[in-house]
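The next block holds one structure in the form of structure tokens; read it before the comments.
The values are calculated or read from the model by the stated rules, or taken from the named source; none is laboratory data. Note that the structure is a prediction, hence the values are computed from the model and not measured. In this analysis, Cβ positions are derived from the backbone assuming ideal geometry, glycine residues included, and neighbour counts consider all displayed protein chains. Accessible surface is based on the protein model in full, side chains and every heavy atom, while ligands, DNA and RNA are left aside. Shrake-Rupley method; radii C 1.70, N 1.55, O 1.52, S 1.80 Å.
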Amino acid sequence: MPIDGVTEAVLISPAGDISLISLFFQAHIVVKAVILGLLLASVWSWAIIVDKTVLYSRTRRQMDRFEKVFWSGQSLEDLYRSLSGRTPSGMASIFVAAMREWKRSFEAGARSPIGLQTRIEKVLDVTINRETDKLERRLLFLATVGSAGPFVGLFGTVWGIMSSFQAISASKNTSLAVVAPGIAEALLATALGLLAAIPAVIAYNKLSNEAGRIGQRLEGFADEFSAILSRQIDERV
Amino acid sequence: MLRPGLIVSAIVHLVLIGWGAISLSAFEPLDASDIEAVPIEFVEIDEISTTPLGLKDAEPAEENAPNDPTEVVAETPAPAPEPPAEEPVTPTPPPPPPPPSPDPEPLPVPEPPEPEALPQDAEAIPEPPPEVEPIPEPDQLAEQEPPEETPETPTEVAAVETPLPRARPPRPAPAPPTEATEFSDEITALLDKSKPAAAPAESDKQATIGAVTGSPFTQLSQNEIDALRARLAACWDIPPTRVDPVELRVKVKVFLGPDGQLTREPEVVEYRPTQIGQVAAESAIRAVKRCAPFTLSPEKYASWKEIVMTFDPRDMFGG
């Protein structure tokens, strides 16, 4: 009877179970690590994609709203007062930073218009850099996944095929039933690598383009605002 | 700050993996359609390639039985196939060489050289050109004999005395009373063994493994021809001369019944018109008579009903 059980087990569960989960659990430890790493990379890059998409659309909405308010002829003091209470972002943060520097300089009684202009420009630059950095942060991760993901997957595939060839040579059996699961599990790594890399590349291109546009818009606003402030300085002095 | 994106991404990935695990868990096995199995059989070398007619699922007919009686016949390298028709071969002890008879009988004048080539038709039952009936039954043969005879051949009608079987039985006619009765027992056993493989429709033919559309064996294979030649060589006593062996070259036309017996006196078709040539021709005719009955496969009877045997010392004895 035990012999019957053994042969039955051998016959029923050959190595040909190729569902995704069983493929993963049959895989070599290196292939497992590669698959897990690629899965994590995919999760993380999609998190970045979602986050950045939401952030950019929100930033664009805020800029639109702010520009509308800014060019509506409202007093800059009122605008500054309404905005300085909360942590601004985007264009508002640039405006708030410049206004703060302006007010501080006047409160301190500074009378050098050149120094004031220089300080305001510096503050604007710093704020623009900070905002752009916030926009573009983690985009490089997408670029990395996009370029390195296929290679990582290929590494897993090569390793898996290597180990499956070793298994073939050990079992001295070249039938497809022996070869196929190992190769399938190896190819799973490449598939995951591509699965992670393709959206990452596409999203990187799209998001970095968008971040560039937002940054240009911020710089444009900063230049305009700095021109306004410079006019104000000339009038005051 | 990345938390909502991370949560969304993780949830989507988990859903995708779960969906993949469920829906892709069982790949449908590829539908490998059965290819029609082509039975392979090693057949003897033939001049034309013919697939034997038979049933696809039948056992291969035992064509190369180990105790093939043709082994007795000669030193042919390959055993002659088609045991069903084999009659027990009596290993004829070589009789003393006939002395060159001083008064040669009037030899049958050689006919105008008939086409000696065996029928090459690819039809199902090719027939030798002059003949019409594929299976001459005894009475038909007797009727046909007189018109067949060319007027200048002084051969007596010796055909009717051969016990012709009725309908081409796979089993040969009862063996002539020789000492090979145990042989015939073995052959009977062989035949009985191969009988269950016979096609039901063609009970007289033994079905062998082969394609359904194959053509029956219609021509003597090279092995059979070699076996026949070796057997004739054993029966032939070459006139002991020292002349050029070309002088001894004789072509004899032999008329055979379905059981391998001679139906008529053999005719000398070609010989050297010298004295030694005449002697060789007579010895060739004696060899044919001594060797009869011939054991050839009955399915190919149409091809050996009339057969031209060439007696050439160089061919037969490697000289």
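The label-point distance for B:Thr274 and A:Ser75, in a model that sets each label 7 Å from Cα toward Cβ, rounds to 14.9 nm.
Can you check what the net charge comes to around A:Tyr80, using other residues whose Cβ is under 9 Å from the Cβ of A:Tyr80 (Lys, Arg +1; Asp, Glu -1)?
Numbers: positive: A:Arg81, A:Arg100, A:Lys103; negative: A:Glu77, A:Asp78.
That works out to +1.
If only the Cβ of Lys and Arg carry +1 and only the Cβ of Asp and Glu carry -1, the dipole of segment A:21-236 around its Cα centre is close to 340 debye.
Note on chain A: GNM, Cα springs under 10 Å; of A:Thr174, A:Thr144, A:Thr127, the largest mean-square fluctuation is that of A:Thr174. Between segment A:60-117 and segment B:244-319, what is the separation of their alpha carbon centroids in Å? Here the answer is 127 Å between Cα centres. Simple rule: put +1 on each Lys or Arg Cβ and -1 on each Asp or Glu Cβ in chain A, find the dipole, and look at A:Ala203, A:Leu142, A:Gly85; the Cα lying farthest toward the positive end is A:Gly85. Note on segment A:21-236: dipole from Cβ charges, positive end direction compared against A:Ser163, A:Ile29, A:Ser175; the farthest Cα belongs to A:Ile29.
Express the carbon and sulfur contribution to the solvent-accessible surface of segment A:21-236 as a percent, rounded to the nearest whole number, probe 1.4 angstrom.
Values: 7150 of 11540 Å².
On segment A:21-236, the fraction of accessible area on carbon and sulfur atoms equals 62 percent.
Qualifying trypsin sites (Lys or Arg not before Pro) in segment B:260-304, where qualification requires a DSSP coil assignment and no more than 15 other C-beta atoms within 10 Å, are lacking entirely. The H on the amide N of B:Met309, modeled in the peptide plane, is under 5 Å from the matching H of B:Val252, B:Lys253, B:Val254, each at least 5 residues off or on a different chain.
What's the extension gain from A:Asn209 to A:Ile228 if we count 0.36 nm per residue and subtract their Cα-Cα distance?
Working: separation 19, 0.36 × 19 = 6.84 nm, distance 2.88 nm.
Taking A:Asn209 through A:Ile228 to full extension adds about 4.0 nm, to one decimal.
Only four residue types carry charge here, +1 at the Cβ of Lys and Arg and -1 at the Cβ of Asp and Glu. Report the dipole size of segment A:97-211 about the Cα centre in Debye, rounded to the nearest 20. Display every interim value, and only then the final one.
Numbers: 12 positive and 9 negative charges, 77 e Å.
About 360 debye.
Sequence-ordered 3J(HN,Hα) estimates for segment B:7-16 from the Karplus curve with 6.51, -1.76 and 1.60 and θ = phi - 60° stand at 5, 4, 4, 5, 5, 4, 5, 4, 4, 4 Hz, glycine and proline given as x.
Among A:Ser45, A:Ser22, A:Ser226, the largest mean-square fluctuation in a Gaussian network model of chain A, built with springs joining Cα atoms closer than 10 Å, belongs to A:Ser22.
Annotation: amide H-H contacts under 5 Å for B:Glu270 (H modelled 1.01 Å from N, sequence separation of 5 or more, or interchain): B:Lys251.
Mind checking how much accessible area B and A bury in total, 1.4 Å probe, in Å² rounded to 100?
1300
Our coupling estimate for segment A:151-158, obtained by passing each phi through the Karplus curve with A = 6.51, B = -1.76, C = 1.60 and θ = phi - 60°, is 5, 5, x, 5, 4, x, 5, 4 Hz, Gly and Pro reported as x. Average accessible surface for segment A:21-236: 53 Å² per residue, computed with a 1.4 Å probe over protein heavy atoms with every protein chain in place. From most to least packed by mean Cβ count within 10 Å, the peptides B:230-240, A:116-126, A:58-68 give B:230-240, A:116-126, A:58-68.
Secondary-structure-derived ellipticity at 222 nm for chain A, considering helices only, amounts to -30500 deg cm²/dmol, per-run term -39500 (n - 2.57) for DSSP H runs with n ≥ 4.
Taking θ as phi - 60° and the Karplus parameters 6.51, -1.76 and 1.60, the scalar couplings of segment A:199-209 work out to x, 5, 5, 4, 5, 4, 4, 5, 5, 5, 4 Hz in sequence order, x denoting glycine and proline. Counting only protein chain heavy atoms and rolling a 1.4 Å probe, the accessible areas of B:Trp19, A:Trp159 rank, largest first, as B:Trp19, A:Trp159.
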